Amino acid sequence: MTERRRVLTGITTTGTPHLGNYVGAIRPAVAASQAPDVDSFLFLADYHALIKCDDPDRIARSRLAIAATWLACGLDPQRVVFYRQSDVPEITELTWLLTCVAGKGLLNRAHAYKAATDANEAAGNDPDAGVTMGLFCYPVLMAADILIFNAHSVPVGRDQVQHIEMARDMASSFNHLYGEHFVLPEAVVDEQVATLPGLDGRKMSKSLGNTVDPLKVMETYGADIIRLWALSVDFTEDHRIGDEILKGVGDQYRKLRNTFRYLLGALDGFSEEERVPLGTVPQRSEVDCPDSAARRDSPHAGTVPELPELERYMLHLLAGLDATLRHAAESYDFNSYTRALSDFCNEDLSAFYFDIRKDS
């Protein structure tokens, strides 16, 4: 019998979920929850939010927004343990127990704390100016989140790997003192997914104020724009996104829309008697050589030649596009899917067909 594994991840409730959350946490967690041998634990990290935000209303709104995002992205509540961090008091109890075995030197090396002290020193301030114990002990609370459920795997971005390693150190220290109680968790980083930069080029983060808010994008550009961007992005590369990028996606969307409006308009009044029988779409050789033997020997030779040559060539291109799109959809390769559509609209149809037909 296959041993079941526990996978845990959470999102801090300090704002509206952004594209970095989707790429780094939501998408891999939803995928993992669908595996038959996995028990998933997904939570709303509202205690972590207190480190960065002191507005209760904002945290409450964020909890609802993030919960709705998980569900909208395909999370099945019947297959996972989906909870709010503050509803599990044992997490804060364990945090104190782990604090008693965590070395200060270990916490001194935490990236978030070092970033705060480095920024203070660069500004000529005391290194610990504005640093709360919440920020300093953040890795301990995160370790408690993981260890309380003995999670085996924690999907994280590359910048969070250190926190998983610190959780392992605390678990090892506790096990050494009090017996084997905790599983040593492992960080799971999707090497095919790069860090998604925010509007300023740094890692996308709600606390840095450099996120791309899907709701604002939809209000400004429409929901289809963000769908098209998400489908067309190759997540194996770093991607910056901003107004100029989204305007470009908007232009691409308009080309797609106008192209297919044209095609549908061209079919207005089309009768069933005019249908080209399946299998009579000409090959490129037939288009280039109208009198070729292949065309003359076709079982529908009397049907295809009645079409103007340019239209027959467009049918050939549409048939090729149809095959490409079907293959990409079956493979869930939406990046190739959108690129093929874009190339067809921008090159095959717009640059070739329209330029000739508009002058004819």
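The values are calculated or read from the model by the stated rules, or taken from the named source; none is laboratory data. Just so we're clear, the structure is a prediction, and the values are computed from it rather than from any experiment. Cβ sites come from the backbone with ideal geometry, for glycine too, and all protein chains shown count toward neighbours.
So, residue 99, is that one touching a residue at least 12 places away in the same chain (Cβ under 8 Å), touching a helix residue (DSSP H, G or I) at 6+ places or on another chain (Cβ under 7 Å), more than 29 Å from residue 3 (Cβ to Cβ) and hydroxyl-bearing (Ser, Thr, Tyr) or not?
Taking the combined requirement at face value, the residue satisfies it.
For the condition within 28 Å of residue 223 (Cα to Cα) and modelled with pLDDT of 85 or more, what is the one hit in 61, 27, 4?
61
Looking at segment 319-348, which of the residues that are under 20 Å from residue 252 (Cβ atoms) and aliphatic (A, V, I, L, M) is farthest from the chain's Cα centre (by Cα)?
Per the criteria, the residue is 321.
Hey, among 40, 33, which residue is surrounded by 18 or more Cβ atoms within 10 Å (Cβ to Cβ) and at pLDDT 90 or above?
Only one candidate qualifies: 40.
Listed here are the residues, each with its yes/no results for (1) over 31 Å from the mean Cα position of the chain (by Cα); (2) not aromatic (Phe, Trp, Tyr).
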{"site": "84", "(1), (2)": "no, yes"}
{"site": "89", "(1), (2)": "yes, yes"}
{"site": "94", "(1), (2)": "yes, yes"}
{"site": "98", "(1), (2)": "yes, yes"}
{"site": "125", "(1), (2)": "yes, yes"}
{"site": "131", "(1), (2)": "yes, yes"}
{"site": "136", "(1), (2)": "no, no"}
{"site": "144", "(1), (2)": "no, yes"}
{"site": "179", "(1), (2)": "yes, yes"}
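If you take the residues in segment 119-129 that are aliphatic (A, V, I, L, M) and part of a loop (DSSP other than H, G, I, E, B), which one is farthest from residue 96 (Cα to Cα)?
In this case the residue turns out to be 123.
Restrict the check to segment 64-72 and report whether at least one residue is of a type outside the set (Asp, Glu) and more than 22 Å from the chain's Cα centre (by Cα).
No: zero hits.
Yes/no matrix, rows are residues, columns are (1) assigned to a helix (DSSP H, G or I); (2) under 24 Å from residue 53 (Cα atoms):
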{"residue": "91", "(1), (2)": "yes, yes"}
{"residue": "94", "(1), (2)": "yes, yes"}
{"residue": "101", "(1), (2)": "no, no"}
{"residue": "117", "(1), (2)": "yes, yes"}
{"residue": "131", "(1), (2)": "no, yes"}
{"residue": "143", "(1), (2)": "yes, yes"}
{"residue": "149", "(1), (2)": "no, no"}
{"residue": "163", "(1), (2)": "yes, yes"}
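Does residue 59 meet the test of being buried (at least 17 other Cβ atoms within 10 Å of the Cβ), in a helix (DSSP H, G or I) and touching a residue at least 24 places away in the same chain (Cβ under 8 Å)?
Considered against the rule, which asks whether it is buried (at least 17 other Cβ atoms within 10 Å of the Cβ), in a helix (DSSP H, G or I) and touching a residue at least 24 places away in the same chain (Cβ under 8 Å), residue 59 comes out as yes.
Restricting to segment 66-89, name every residue that is touching a Pro at 6+ places or on another chain (Cβ under 8 Å) and either part of a strand (DSSP E or B) or surrounded by 18 or more Cβ atoms within 10 Å (Cβ to Cβ) (or both).
66, 69
Please work out which residue is surrounded by the fewest Cβ atoms within 10 Å (Cβ to Cβ), limiting yourself to segment 151-176 and to residues that are of a type in the set (D, E, K, R) and closer than 14 Å to residue 103 by Cβ.
165
List pairs: first residue in segment 62-85 and hydroxyl-bearing (Ser, Thr, Tyr), second residue buried (at least 19 other Cβ atoms within 10 Å of the Cβ) and modelled with pLDDT of 90 or more anywhere in the structure, Cβ distance under 9 angstrom, at least six positions apart or on different chains.
Partner pairs satisfying both residue conditions: 62/44; 62/46; 62/49; 83/41; 83/42; 83/43; 83/44.
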